[in-house]
1. With θ set to phi - 60°, apply the Karplus curve 6.51 cos²θ - 1.76 cosθ + 1.60 along the stretch 90-95 and write out the HN-Hα couplings as whole Hz, x wherever there is a Gly or Pro.
2. What accessible area per residue comes out for the chain, rounded to a whole number of Å², with a 1.4 Å probe?
3. Going down the table (Lys89/Lys158; Lys158/Lys185; Lys371/Lys472), which pairs top 19 Å between alpha carbons?
4. How far apart, in nm, are the 7 Å Cα→Cβ label points at Asp218 and Glu550?
5. Carbon and sulfur atoms: what percent of the 1.4 Å accessible area of the stretch 362-411 do they account for?
6. I want to check the label-to-label distance for Lys30 and Ala120. Put each point 7 Å from Cα in the C-beta direction and report it in nm to one decimal.
7. Applying the Karplus parametrisation 6.51 cos²θ - 1.76 cosθ + 1.60 with θ = phi - 60° to the phi angles of the stretch 392-399, what ³J(HN,Hα) value in whole Hz is obtained for each residue in order, glycine and proline being reported as x?
8. How many percent of the accessible area of the stretch 151-290 is carbon or sulfur, using a 1.4 Å probe?
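The values are calculated or read from the model by the stated rules, or taken from the named source; none is laboratory data. Everything quoted here is computed from the prediction, not taken from an experiment. Here Cβ is always computed from backbone atoms with ideal geometry, including for glycine, and neighbour counts include all displayed protein chains. Each accessible area value is taken on the protein alone, full model and side chains, heavy atoms only, with ligands, DNA and RNA left out. Shrake-Rupley method; radii C 1.70, N 1.55, O 1.52, S 1.80 Å.
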Amino acid sequence: MNTLAKYILGVAAACAPIATIGAEQPGDEKLTFLLTGASFAVPENGWFEIGCEDLGADAINKAVSGEAIYHTARRMNLGTFYTLEELDKTDVFVIGHVHNQNVANEQWLKDKWEDYTSIASTTDYSVAYDYVIKRYIADCEALKDNPESKYYGTEHGKPARIMLCTHWHDSRTTYNPAIRKLAEKWNLPLVKFDDNIGFSRLDAESPADQPSLGFAHDTETIGGVKYGWHPLRGSNSYIQRRMAQIFVEEACDYLGLDVPFDYALAPASPLVVKGETARMMATFKAGHYPFTLNGGEVTNCPYFWEVADAQSDVTFLAESVTDARGTQALSGASKATIHIADKVIGPTYDSFVHQAEQSKGHADAQTLDLKNGDGWTRRIYITFPLDEVPDDAARIGVRLYFESVVPGKLNNENRPLDGIETLELGGNTSTYTANLTWDNHHSHVFEPVATTLLTQNMLESYVGWDVTDFVKAKINEGAIYVTFRVSTPYQWRALSRFTASESTTNPGKGPQMLVAMPRGTTSVNEPGNDDNGVTIRGNRLHNPSCEKVEIRTIDGLSALRTDEATADLSSLSPGIYIATGKGSALKFVKN
């Protein structure tokens, strides 16, 4: 029996339904997908990683920008493309090399992979594809004879499941038809990005109107026509999430899986100051674009649902979420609330540490810098006093102002931040000084507190975490301060900069701890009704005991200091203020 016939029989046996994704049965192992490819497949794109996440699978991404299928063939020939552990673990091998070449030319093909004696120097795309497919099948079968493999002693080794991919749209008129011939020859599933991406080169009324241009950050010319070359990267990019959905659908059909359509709501910041915009982030899992949220069409993920000039707590209710096929999301009715803060607490300390400046402190920096990867990792530290948190606080949040972003680099190539970052918040009760540096920051242990998401769409706005349970627990333990550390697990992403409390360009937008009181409470720590308390009547402050009183904005900026019995407030700008005196604090609104 020849290799192709053996492979087809093996796939027929292997492709019975594996499991229903999401069942989470005890002892079940997660699926693993291994991807090879070039610049369209590297992790900075996102479609493969998003798709694997939606499938509940592990992703092994071995794509390298600027490479071709013959680079993968050469590594396989050297035995360096995957380790035994990776091969053993991989359930599906995804080949995403999509250069505009004829990969189905059979002129130079051999019967067996061993017959390719010059594979180390070949640049023929058809030869390389043939070698990679045959070599992977052989490597999977050989696991039956390897005592270190979990397939040791089985009759045929590991089932060799392979998926091929088209280009992300239909401009590559040489490659796309050729990869279809190859998929048909080997009876392999094909991820048909070009058929399902939602547009075609044939839609253009003129060459300048090619629809792919609107989804790419650069161009290429094929047959005298300019097309979009590399799709906009990042896991919050519509085109990457569309590609992920197409990949997931093909994987489900191939493996007999089911990935339910679902969504989640998460506040950009769980608390805001009165008058600010409340932003709720809706993220979608699986399903078919475009989505419909409460009757409105949504074509991007994440989607920001906004209420401007919030004057009271805002509850976001998702009564109906469907995809393009009319599938109702599993969550059904879902709601989340963003609270209006009754109190704003500034930090006693904020700084960051920088891996490339190991012995330098940054406590006086204008920004708080965050990055991860390649010797340039930076992490943020913020300390808040706990004696200012009311005992009966209902909700507590910490937030940072997302000021600017600097593109990251991979292999000296600029990468835009066009994706979703996960920001991890850790906490402890240590106190810090300006002497905190990269050299000594590892001596402090942090426990996980919360995570939040960051996208470029959130520039010039606040991003925050709910820290209610953590802060209350530390207060009950008798802590005086809490320090939070902000980090990100992703590498090669952009440098994200947040406003520091020392900033002169964004005064008042440094780190903040926001507190919401139980509803029905109109002020924080209001003085009693005795005649000596500080009161506000109209545009006059009344201070009968002539104590020192300071009026601050809700952002913590000093607006007025006085020890007079009365003070004129008419010069204050409209907004929310807090008047603090000895043993009292009064929040008021200046109209």
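1. These are the phi-based 3J(HN,Hα) values: 5, 9, 9, 9, 9, 9 Hz.
2. Value for the chain: 44 Å² per residue.
3. Checking Cα-Cα distances, Lys158/Lys185; Lys371/Lys472 exceed 19 Å.
4. Between Asp218 and Glu550, the simple spin-label model gives 5.3 nm.
5. Numbers: 810 of 1810 Å².
Of all accessible area on the stretch 362-411, carbon and sulfur atoms account for 45 percent.
6. Spacing of the two 7 Å Cα→Cβ label points: 3.8 nm.
7. Taking θ as phi minus 60°, the curve returns 9, 4, 8, 8, 10, x, 10, 9 Hz for the stretch 392-399.
8. Roughly 48 percent of what the probe reaches on the stretch 151-290 is carbon or sulfur.
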